[in-house]
Structure formats: structure tokens, C-alpha cells
Amino acid sequence: MAFPQKNSSLQEDTLVGVLERIIFFNDENFYTIGEVCEETTRETFTVAGALPSVQCGETLELRGAWVSHPTHGRQFKISSFSSKLPSSVHGIRKYLGSGLVRGIGKTYAARIVEHFGADTLRVISEESARLREIPGIGIQRVRAIKASWDEQFALREVMIFLQTYGVTTSQCLRIVKAYGADSKKTLQENPYRLAQDIDGIAFPTADKIAANLGLPTEGKQRIEAGVFYAMQLAEAEGHTAFPQEELIAKATELLGVDPRLPEKIIGEMLETGRFVYVNVSQFVRGADGSRERESVRLLQKRDYANAEREIAACVSSLLSTENRLPPIHIDRAVEWAQTRAGFAFAPEQTAAVKTALAEKFSIITGGPGTGKTTILQAICSILRAKKVRVTLAAPTGRAAQRMSESAGIPAGTIHRILKPEPLLGGFAFNEKNPLATDFVIVDEASMLDTKLASALFRAVPAAAHLVLVGDVNQLPSVGAGNVLNDLIQSRRVAVTKLNAVFRQGKRSGIVSVAHAILQGDAHTPQPVHESVFEFDPEGDIHFIRADGADDCVRKTLALATQSIPRTLGIRSAEDIQVLVPMHRGNAGVQNFNAVLQKAFKKSGAPSVPAAGGTRLELGDKVLQNRNNYDKNVFNGDLGRVDDVSPDAGTLSVKFADVRADYERGELGELQLAYAITIHKSQGSEFPVVIIPLVKAHFMMLKRNLIYTAITRGRKKVFIVGEPSAYSMAVRNADSSKRWTGLPARL
């Protein structure tokens, strides 16, 4: 085919050739920039457009038009395409060597193609056992190659079917893993299954597919899926249960149908056990100002109902089982711990230590500087002296590391202590196989959501002690539930509240401001600086005024890349964490990450395309955004990209205690983490924290949000923004109510 002339650049044309190289690939919309070697002339051209699941070596028939890009010159803009497996030896070798098929790398690709020639792909598909004719390929590798080959064909079928609905590569991979070779057939029969079975695919996407397939608007499949999605939305807001009338209203609005239809479906879901009822009490204010108790009937999905029942049962079991610790004279033990520490404990600290040793289940709650570390050290010292087996756990890796440093005993994240079993589901340690321990202490317990708390409590032996340590004034857990607060309010367990502030010195400013926030003091930390270069390096908390979102971004960037390195000598992005209230907007996480990545970028660093049109580069700071039990990494884990293979589109990330490899379809699990939301920062501390705060964040500005952000700073905290936004946040003490069934079950 001849190269078109300038005056025909918009003419529809066809280009047939072998895909030689993928230059860019967007995981979310499949937008691809690649190089295609034309079939007859062997010339190489740049092509651009949506190409879901293509691999180097494939022969593509591309339809579209030639355009002239202002920077990159002539390229073929794709409107549609079809593909066929390569037939030439060169194409097959390139195709198999791309890493597409597990078990075949470049070396084995060359050996296989040399042996079978142009018949290679037919052999793999129809006579895979013959691969054992190749030296070095055994039965296990043959099985892996065949399974991967079949998976790739199912994936291609699904991706082409779903490409117009915004379903990402990683989601397509999960669909194929869930439904196997029948994936396309399953989706055509009931696309609403996607919303329930596949993480990250919500009802609106499934509804679009269903509408395209002609499924009825008032069909049972759609109404049931809509009701289920309405409950999922409630769970995303932190509720484990929801008032029935409100759920019907939510589902009716979502579906645009008569409310009797969702009501009928809910009745059927109650009959089949997918939903259950739980009655809870709440206080309401009467017309005369008096407080009256009323009962509210809530609906729950069965999984949350079971989790709450398990928590309640574990609490009862712990409290009713005899203490089996060796004899401890508690008063003498506390005196011994004070002598060992070199100072006398305050009454609240003494009470907390005594309660933890005496009670089977207890809670210690207090803000920064109230002596929680001293209490932890004392309890652990006493227990070690008595040869008691102690398990220390925290929801995040950073919190576990901090806990270990304080107590002098190894600590781990809750997930890793429980040991996930991806193939079987759940954890290795549970009620049938409890942890080999006598005493469990969990830090940052405000982060415990209902399902994680249930898994943890079930793994604690009934004879053991359990102590939860947390700050009830922080944001509640990201996941659904309000476990720490519900346990405190239940009065079933012993609670020690720490109110006195003991910590002074280097962090006195951070501690003082944090407690002022809890008291509703809306005055900004003084003095308020106009320039990022004005602050006193000896102080630990600073407020830098910004006029609106754009000024906030500029000053945050200057602070992170110029002022802090110059004034404090801190130059690593690892030690500087930007914490933002919201994802979107000029002063949102996404924009801050784009700006900060560019500022910290190393010239010539290799990179791969990732979700949202971003590129992940060698050295980038990243955050895992979902639990991946296969990789042993979990939602909220922070790491750094330490290896990148641009040709294969893969990378590796070093987390605190594990290294994980990611293939092209898995990159949607990662996001840049130069800036993260305040919610995602829970359980972590950072040497330097920068908090952009502007009125544009008004939807998220609440007292517990700003309190949580400030208490994440270990050495320095910088608030960059509008004083009125700070005041707005501190004055807004209205934490959103979370509906749960746990209080009733406790």
C-alpha cells in the first residue's frame, strides 16, 4: 500500500501489517500507540487508537485515516481493527517472545518456533503435548503454557466484547479468572453478575451492557442488581446495614422504576437469606427537647451480618474464658515496669497497664502525646519477663514497624499475621486454627473495619488476652463498620481513656494543635506565613497561606522541592508526604501526583503506561489500591518502583517487607503516591507531612479529617491553604453516622 499524500490525510484507508512494538498503552481505555510493519512493503508506520489486548507479533488489519501529528509526524489513526494470529516464523517468534504466554520467554519462543516453524501456534492450541519434544520443557511447563494460551483467547474475546464500556484490562483479567473460557457467554446471559463478582465493575457498567443486549428495564435481573448496588453504595459510605425505607428509595432513584419493584425484590432477598434484618436502637430528640429511644429496622447483606455475629461471639468467648496467664502480681509488676522505664507513670497510664493485664479484653484510647507508647512498652516488658507469648499487630506496615520499634518485639500487619490463603479464601489462622499466642495487642484499632476485625478476633485463642489501642477521634475505617467506637459504646469491654498530654519537646506544636482541634479551637496555627521560605525550622507545625487551589498547588510544589530540601535538608520524596482531602480538582490527589511526579522525575527513567493515562517510572512512589492475596500486598501499602521493563509493559515494586511483580494487565492496582488522600494515610506516620487545604475541599472538611492529617506528621507538619478552610474543617464536628448492626449484636 502506498503512503498517502498530504491532501488525502483524512481519507479512510486500511493498513495491514505485523505489530512490531507497543510504545504506549492505557489500561483504562485501551488507547495504544504502536509501530506496525506493513505487510507488502515492509515499511514501519506509527499507529494510534483503541487496541484491546493486542500483542507484538500479531497481524492487524487496521481501518482508519492517515493524520499528521504536530510533534510525531504522520501516523495512522485507528477507527476499528481486526486481528489474526501471526503466520510467518518471524511473527510467531515475536508473538510468543512478548511474554504473552506464561512459560514461554524469548529463549523458549526461539526453540519452539525453530522446531515447529509456521505450525507452532496450531501445535500449542491443538497438540500441546508435543511441546515436550523441545529440550527443557517438561509436563508442568506444558500445562502452564496450555492454560495460559486458553486464558489469553478467552481474554481477547472478552476485551473486544467489552471495549466500548470502559472496562479495564485488569478487570477483564479478573472476569476471565472468574468465568474461564465461558466468560463471553456468561456476560451475554447475565451481565449484572459483573457488578457482584468482579472487583471494580459497578452496576452502571453492567447496566450499559445489559441495555445494549436488549435486557428489559424492569426485569428481575436488573432490579435485583440495582438493589444490591444500592446496598454496596451504602457500604462504600461506611455502613454495614441500612434502613429498609432508605434502601428502597435509593434503589428506586437508581433504577428509575416503581418503588414497589425494589420492595418486592428485597422481600425475596430476605426469604433467600441474601439480606437479613437487624433491629437497632437510637436516641431521638422529642418535640419537648427530651431524648427518647426508638427502634430502627435495618437491612444487611449476609456477609456483614455473619461478620458482626462472629465479632460478638468472639467478645463473649474471650470474656467468659478463664485467664491462663502465669500468676502476675499486677501492682508489683507496674512498679517494676516504672523502675525499668526510669520514671513514674501517670495515673491514667497505670490504670491502662493494670486493666490490660487483669481483663481478658480491653481498649486503650487516646490522642497523640497521651502516653500510649509508654503503656505498650510497660505491658510488653512485664509479659516478656513472665515468658508470655505476645503478638503485636497493626493494620498497616508502617504502623507495625513503629509498634515494633516502640515495644522491642517484632510486629506485623494483621493480614500477614493471619496469613491469607488465596486459593482457599480467608486466612490460615482462624477459629479452627488459632494463633499460637497468649496476648494480642492491636495498634491503630480505629482502622479496623468489620470484616478484618471478624477475621482477627476469630484467630485469637479464647484463653488469650486482647488489647485494642487506638484513637477514637480519628477517621473511622476506610472499609465498612465502626468497630472500635461500637465496642467502646457497648460497655461490654473495659475501656481506658487517656486525656492528659505528656509529650513535650520536638512535637509539642503538633500535639497541642491536634488537641486544640478536638476542643473545637478553629484558630489557625500561628504565625501564618505568606511565603514557603519564611517558616522557623525549629518549629514542628506551620501554616502557609494560599489564595485558592492554583496558589495552593504552586506553594505545595515549591515547599516539597525547594524550601524543605533547602531549609531542613530533606530531599527524598520518601520522607515528604502530601495528604489531600479529595481525589479530584486542581487541589486534588490526581493533579498533585501529576505535578509532583514531574518535579521528582529522573531524566531518562524507564516507564510503562498505567491506569488513568499516567506512566509509572523507575523510582516512583506508588500505592496499592486493592488487596492482592496472591502478591501478599494490601490496600494502602506504599512502595517504590524498583524495576521497569518497558518492552514487556511490566514492573516491580518494593514494599516495606515484600517485593511484588506486576504485569501489564495488573498495573491498575497501583497509583502514584507522592500525594494520597488523608483516608489512605490512616495508620501511617511520615517524617514530613504537607496538607493542602482550600475551600474547594468543602465537601470533605470535617474535624476528624484535619485531626487525622495533622497527627500523621512525625517531625514536621505544613498546612498550605486558606485559613477559612481550616476553620471550616475544625468547626464541622458532624462526623457522618454509620449504620451498623454490631451494637445490637454485642
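The values are calculated or read from the model by the stated rules, or taken from the named source; none is laboratory data. It should be emphasised that the depicted structure is a prediction, and the values quoted were computed from it without experimental measurement. Please note: Cβ atoms are built from the backbone with ideal geometry, for glycine as well, and neighbour counts cover all protein chains shown. These area figures cover heavy atoms from the full protein model, side chains too; ligands, DNA and RNA do not enter into them. Shrake-Rupley method; radii C 1.70, N 1.55, O 1.52, S 1.80 Å.
Of the residues making up the stretch 531-556, those that are part of a helix (DSSP H, G or I) and open to solvent by 50 Å² or more (accessible area, probe 1.4 Å) are Asp550, Arg554.
The residue of the stretch 595-614 that is surrounded by the fewest Cβ atoms within 10 Å (Cβ to Cβ), among those that are on the phi < 0 side of the Ramachandran plot and under 19 Å from the mean Cα position of the chain (by Cα), is Ala611.
Here Asp521 meets the list (1) assigned to a loop (DSSP other than H, G, I, E, B); (2) of a type in the set (Asp, Glu); (3) over 20 Å from Lys702 (Cβ atoms) almost entirely, failing just condition (3). Condition test on Glu114, is it without any contact (Cβ under 8 Å) to a residue 24 or more places away in the chain and either touching a His at 6+ places or on another chain (Cβ under 8 Å) or open to solvent by less than 20 Å² (accessible area, probe 1.4 Å) (or both)? So Glu114 fails the test. For the stretch 366-392, enumerate the residues that are more than 20 Å from Trp336 (Cα to Cα), of a type in the set (Ser, Thr, Tyr) and touching a helix residue (DSSP H, G or I) at 6+ places or on another chain (Cβ under 7 Å). If the condition is that a residue be more than 20 Å from Trp336 (Cα to Cα), of a type in the set (Ser, Thr, Tyr) and touching a helix residue (DSSP H, G or I) at 6+ places or on another chain (Cβ under 7 Å), then Thr391 is the only one that fits. Checked against (1) crowded, with 19+ Cβ neighbours inside 10 Å; (2) modelled with pLDDT under 95; (3) of a type in the set (A, V, I, L, M, F, W, C), Ala346 passes all but a single condition, namely (1). Contact map, the stretch 522-550: first residue free of Cβ contacts under 8 Å to residues at least 24 places away in the same chain, second residue part of a loop (DSSP other than H, G, I, E, B) and open to solvent by less than 40 Å² (accessible area, probe 1.4 Å), Cβ cut-off under 6 Å, separation 6 or more or different chains; pairs are His529/Phe535. Selection of the stretch 306-339 for residues being among the aliphatic types (A, V, I, L, M) and over 13 Å from Ala453 (Cα atoms) yields Leu318, Leu319, Leu325, Ile328, Ile330, Ala333, Val334, Ala337. Set side by side, the residues Ile510, Ile488 differ, and just one is in contact with a strand residue (DSSP E or B) (Cβ under 9 Å, 6 or more places away or on another chain), closer than 24 Å to Asn323 by Cβ and part of a helix (DSSP H, G or I), which is Ile488. Check off (1) β-branched (Val, Ile, Thr); (2) open to solvent by less than 10 Å² (accessible area, probe 1.4 Å); (3) free of Cβ contacts under 8 Å to residues at least 40 places away in the same chain; (4) in a strand (DSSP E or B) for Thr46 and give me the number that stays unchecked. Here Thr46 meets the rest and fails (2). Residues that are assigned to a helix (DSSP H, G or I), surrounded by 17 or more Cβ atoms within 10 Å (Cβ to Cβ) and not hydrophobic (A, V, I, L, M, F, W, C) within the stretch 294-337 comprise Tyr304, Glu308, Glu310, Ser317, listed in sequence order. Among the residues making up the stretch 230-251, a single one is open to solvent by 60 Å² or more (accessible area, probe 1.4 Å) and not in a helix (DSSP H, G or I): Glu237. Within the stretch 557-578, the only residue that satisfies the criterion of being among the small types (Gly, Ala, Ser), assigned to a helix (DSSP H, G or I) and either more than 17 Å from Phe600 (Cβ to Cβ) or open to solvent by 10 Å² or more (accessible area, probe 1.4 Å) (or both) is Ala558. Looking across the stretch 368-418, the residues that are touching a Cys at 6+ places or on another chain (Cβ under 9 Å) and either among the basic types (Lys, Arg) or at pLDDT 95 or above (or both) come down to Val390, Leu392. Hey, could you check the stretch 639-652 for residues that are touching a Lys or Arg at 6+ places or on another chain (Cβ under 7 Å), within 20 Å of Gly397 (Cβ to Cβ) and not hydroxyl-bearing (Ser, Thr, Tyr) and say which is least open to solvent (accessible area, probe 1.4 Å)? The extreme case among them is Gly639. Looking for something on the phi > 0 side of the Ramachandran plot, at pLDDT 75 or above, part of a strand (DSSP E or B) and surrounded by fewer than 18 Cβ atoms within 10 Å (Cβ to Cβ) - is there at least one such residue anywhere in the stretch 65-80? Checked against the condition, which is being on the phi > 0 side of the Ramachandran plot, at pLDDT 75 or above, part of a strand (DSSP E or B) and surrounded by fewer than 18 Cβ atoms within 10 Å (Cβ to Cβ), the stretch 65-80 yields at least one hit. Go through the stretch 544-565 and count every residue that is closer than 15 Å to Val528 by Cβ and among the β-branched types (Val, Ile, Thr). Matching residues across the stretch 544-565 total 1. Taking first residues from the stretch 154-180 that are within 16 Å of Ala195 (Cβ to Cβ) and partners that are open to solvent by 10 Å² or more (accessible area, probe 1.4 Å) and at pLDDT below 70, the Cβ contacts under 8 Å between residues at least 6 apart in sequence or on separate chains come to Gly166/Glu28; Gly166/Asn29; Thr168/Glu28; Cys172/Ser53.
One line per residue, one yes/no per condition, for (1) modelled with pLDDT under 95; (2) charged (D, E, K, R):
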position: Ile266; (1), (2): no, no
position: Asn279; (1), (2): yes, no
position: Gly286; (1), (2): yes, no
position: Arg297; (1), (2): yes, yes
position: Tyr304; (1), (2): no, no
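Per-residue answers, yes or no, for (1) within 26 Å of the chain's Cα centre (by Cα); (2) open to solvent by 10 Å² or more (accessible area, probe 1.4 Å):
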| residue | (1), (2) |
| --- | --- |
| Pro434 | no, yes |
| Ile441 | yes, no |
| Ala445 | yes, no |
| Leu452 | yes, yes |
| Phe457 | yes, no |
| Pro461 | no, yes |
| Ala464 | no, no |
| Leu468 | yes, no |
| Ala480 | yes, no |
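With respect to the conditions (1) open to solvent by less than 50 Å² (accessible area, probe 1.4 Å); (2) modelled with pLDDT of 90 or more; (3) of a type in the set (A, V, I, L, M, F, W, C), Leu254 lacks only one, and its number is (1).
Going through the stretch 119-138 one residue at a time, which ones are part of a helix (DSSP H, G or I) and open to solvent by 70 Å² or more (accessible area, probe 1.4 Å)? Matches in the stretch 119-138: Arg122, Glu126, Ala129, Arg130, Arg132, Glu133.
Quick check: is even one residue across the stretch 348-355 farther than 30 Å from Val513 by Cβ and over 34 Å from the mean Cα position of the chain (by Cα)? Yes, the stretch 348-355 has at least one match.
Using the structure shown, decide if Arg141 is open to solvent by 60 Å² or more (accessible area, probe 1.4 Å), part of a helix (DSSP H, G or I) and at pLDDT 85 or above. It is true that Arg141 is open to solvent by 60 Å² or more (accessible area, probe 1.4 Å), part of a helix (DSSP H, G or I) and at pLDDT 85 or above. Listed conditions (1) at pLDDT below 85; (2) open to solvent by 20 Å² or more (accessible area, probe 1.4 Å); (3) over 23 Å from Ile112 (Cα atoms); (4) in contact with a Phe, Trp or Tyr (Cβ under 9 Å, 6 or more places away or on another chain) are all met by Leu85, apart from (3).
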